[in-house]
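Derivation of every value follows stated rules applied to the coordinates shown; laboratory data play no part. Since we're looking at a predicted model, the values are computed, not measured. Ideal geometry is used to build each Cβ from the backbone, glycine not excepted, and the neighbour counts take in all protein chains shown.
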Amino acid sequence: MKQQTTMDDGPIDLPLPLDRPEPAPQCGVCAALTRQGAEAVAVGDYSKASDCNIEIRNHPHRGRHRS
Ligand SMILES: [Zn+2]
């Protein structure tokens, strides 16, 4: 059987907001981005949510592993 390439077949390019980075606890920028991402998801703007996640992940902090 030959499979057709459909959009329902493989979720390759879907920017699913499942892979959420951990925002730094005391970083206002990360907190704002987290909030923006959540709001974007709420309105179905997963592209923007993904952008927020990327920004959080790339946001530089002095200590990387704080808890
Ligand atoms: Zn930050």
Practice problem: For residues that are charged (D, E, K, R) and near the ligand (Cβ under 9 Å from one of its atoms), tally how many sit in the stretch 24-56. | Solution: 1
Quiz item: Pairs, please: C-beta under 7 Å, at least 6 apart or cross-chain, first residue more than 13 Å from ARG20 (Cα to Cα) and in the stretch 37-51, second part of a helix (DSSP H, G or I) and of a type in the set (D, E, K, R)?
Solution: ALA40/LYS48
